[in-house]
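Values in this text are rule-based calculations from the coordinates and carry no lab data. Worth saying up front: this structure is predicted, and the values here are computed from it rather than measured. Because the Cβ atoms are built from the backbone with ideal geometry, glycine has one as well, and the counts that use them run over all protein chains shown.
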Amino acid sequence: MSHFDWLVLCGTLAFIILYGMWKSRHTSTIETYFLADRQLPWYHIGLSVMATQASAITFLSGPGQGFSSGLGFVQFYFGLPLAMVLICITFIPIFHKLNVFTAYEYLEKRFDNKTRTLTAALFLIQRGLSTGITIYAPAIILSTILNIDIRITILLNGILVIVYTVYGGTKAVSYTQMLQMGIIFSGLILAAIMVISLMPSDIGLGDALHIAGKMDKLKAINTEFDVNDRYNIWSGIIGGFFLQLSYFGTDQSQVGRYLTGKSINQSRMGLVMNGLLKIPMQFIILLIGTMVFVFYQFKPQPLFYNKAEVSKIMNSRYADQYAGIEKHYNTVNAEKSAIIYKLNSAMKADDEQATAEASKELQMVKAKSESIRKEAEQLMKKNNNEADTNDSNYVFLIFVTENLPVGVVGLLIAVIFLAGMGSTASGLSSLTSTTTVDFYRRFINKQGDEKSYMDFSRWCTVGWGLFCVGVAFYASRLGNLIEAVNILGSLFYGVILGIFMVAFFLKRVGGTAVFIAALVSELLVVVVWKLEVMEFLWLNVVGCLSVLILSLTLHIFIKKDKAKIATA
Amino acid sequence: MMNLSERKKWNLIYLLVISVLLLDIVCLTFFSNHFK
């Protein structure tokens, strides 16, 4: 990376962090620290909610998914708008009316202390680990691309976030996120324009899309129902609905964002904005990945995008064999480029027969190219059984650093850092608010003053920050990172959502029934996941339904367990 | 409690969100089929 790119990267990061700290300089109460005095307007909430969900992983794995698997991942977000509507109708009015700091406070009012504590503890485990991954994920990739030690990238990301979150709390997080999203949107548009402009001169946007389509990269919708198929319209709408409902309705990192709203309506509008923009944004990210795929059909394509793994094999006794495979791969890819040009000309001339013939040839050469890559993967595994052969997370940054002009590279790397910092900051802020409100203030220091809670909160942020940095240091290879975070979420979210669903809709069921149901359901979800009975999105459905059914059943037997009438 | 016109307004907004989701699905299906 050039000096100018470093200047752009450091300048962007410094500007945003200083802006966030300046805007939150008068933070002295926990109301300000956790909820920004409940004074933020809807667009602030909308951008903050989006920045919290869009981590660095989104901008690394997203285009990587588009590159390797096409647009199918967009279906994962189909349940999101429906979840937004239900949260606007049920969750937001209750949380606002009860004036809670955390979502779990409501559970004590509705059930009892043990249910609140269990749910808050499940959240802390899940969010603590996930936040560690959100620091680790971009750090490992940036360290490979920028050729700096991973410990530096982890510490840089972790410490910067800890500093401004400790200083300004939620207010600093929200203000930085608003600017972050502005830069992220600009970066995405710029990346999309650049990838199209870098195509060969005779390949326009329409041609590139047709080529991607012929290579099976633009199949966005799969209507076949199969619980073992990771992404189809049904898993997206049903499983995705449960996952997003749980994430936005019960995960404090998101609840904490919309509780900052000036009013119920401002919070609602923020979520409506998210519901309208999320699918188009994700579509654009995936489409950029598919366009990068088309771009590499005309340029010499690396056999492997993870340079660290390539250098390992090139320094082993398999180096010659690997070089041979690479040579063969380049020859086949050159053949593939020629066929793609032929296909493009046939499509332009509307020659159906020639198009069909070229498509058939393309499928054959594509299969050949894929089998050569598999051969290389096997060789890497043979050399080192622990080798990470999933390089989809590296594709986008390799494309950016090797092909884009000076300045744009720095800006796009800043986008990745900023996205990581935005979601990490929300994670830290929510871990702190839950620890302070649901544990410290509830059990240890019930009658403390503002200063004692503020002091504890600041130290708690530092503590959680260091814990997450520790998780990032010890995180091992996790396959596709965006999926790793979603799988971790799916293990806990269904059960947490089930508890809230019982609270909202089964008014007669009490604390003991839902507490036992939650414990049994969590065990069931872990067993189902371990046995690999179904794909992870369905775990959310299993967890939630299991809590609902078991609580209803247990309610019949636990006669003493009278439900508190919900205040909502 | 929300008054009637306020409730109507929000119901329309929710309807808009669901309609946009359906529109997204239709557009994506068309997009996939067009560039097959």
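Numbers below:
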{"quantity": "Exposure proxy order (Cβ contacts within 10 Å, fewest to most) of A:Met21, A:Met380", "calculated": "A:Met21, A:Met380"}
{"quantity": "Exercise: per-residue mean of other protein chain Cβ atoms within 10 Å, A:77-87", "calculated": "3"}
{"quantity": "Residue mean of other protein chain beta carbons inside 10 Å, B:9-15", "calculated": "4"}
{"quantity": "Centre separation in Å (Cα based) which lies between segment A:368-407 and segment A:541-559", "calculated": "47"}
{"quantity": "Gyration tensor verdict on segment A:9-48 (Cα atoms; rounded if a/c is under 1.5, prolate if a/b is larger than b/c, oblate otherwise)", "calculated": "oblate"}
{"quantity": "Relative contact order %, chain A, counting alpha carbon pairs below 8 Å whose residues are six or more apart", "calculated": "32"}
{"quantity": "Angle between chain A longest axis and helix A:56-69 axis [Cα atoms, degrees, rounded to 10]", "calculated": "40"}
{"quantity": "Around A:Phe304: net Lys/Arg minus Asp/Glu count, Cβ-Cβ under 13 Å", "calculated": "-1"}
{"quantity": "Efficiency of FRET between A:Ser197 and B:Leu16 - r from beta-carbon atoms, R0 41 angstrom, step 0.05", "calculated": "0.70"}
{"quantity": "Folded to 0 to 90 degrees: helix A:537-557 orientation relative to chain A principal axis, Cα", "calculated": "20"}
{"quantity": "Between segment A:302-344 and chain B, the alpha-carbon center distance in angstrom", "calculated": "45"}
{"quantity": "Positive-end residue of A:Ala208, A:Leu287, A:Trp529, charge dipole of chain A with Cβ unit charges", "calculated": "A:Trp529"}
{"quantity": "Ascending count of other beta-carbon atoms within 10 Å, so fewest first, for A:Thr102, A:Thr331", "calculated": "A:Thr331, A:Thr102"}
{"quantity": "Inter-chain Cβ neighbour average for residues B:18-30, partner chain, 10 Å", "calculated": "5"}
{"quantity": "Helical mean residue ellipticity (222 nm; -39500 (n - 2.57) per DSSP H run of 4+; nearest 500) of the protein assembly as shown", "calculated": "-25500 deg cm²/dmol"}
{"quantity": "Most positive-pole-ward Cα, A:Ala475, A:Asn393, A:Leu497, against dipole of segment A:382-500 from beta carbon charges", "calculated": "A:Leu497"}
{"quantity": "Dipole of segment A:1-145, positive end: most advanced residue of A:Ile17, A:Leu98, A:Ile125 [Cβ charges, Cα centre]", "calculated": "A:Leu98"}
{"quantity": "Shape category assigned to segment A:110-235 from the gyration tensor of Cα positions, a/c cut at 1.5", "calculated": "oblate"}
{"quantity": "Computed magnitude of the charge dipole of segment A:300-454 (debye, nearest 20; Cβ of K, R +1, Cβ of D, E -1)", "calculated": "460"}
{"quantity": "Charge dipole (debye, nearest 20) of segment A:19-164; +1 at Cβ of Lys and Arg, -1 at Cβ of Asp and Glu", "calculated": "200"}
{"quantity": "Whole-angstrom gap from segment A:154-210 to segment A:23-82, using each part's C-alpha centre", "calculated": "12"}
{"quantity": "Local electrostatic count, A:Phe492, Cβ distance below 10 Å [Lys/Arg +1, Asp/Glu -1]", "calculated": "-1"}
{"quantity": "Relative exposure of A:His96, A:His26, A:His44, judged by other C-beta atoms within 10 Å (fewest first)", "calculated": "A:His26, A:His96, A:His44"}
{"quantity": "Within the protein assembly as shown: Cβ-based charge dipole about Cα centre, in debye rounded to nearest 20 (Lys, Arg +1; Asp, Glu -1)", "calculated": "1920"}
{"quantity": "Cα-based shape type of segment A:145-194, given that a ≥ b ≥ c are square roots of the gyration tensor eigenvalues and the cut on a/c is 1.5", "calculated": "oblate"}
{"quantity": "Nearest 10 degrees, 0 to 90: helix A:113-146 Cα axis against chain A principal axis", "calculated": "30"}
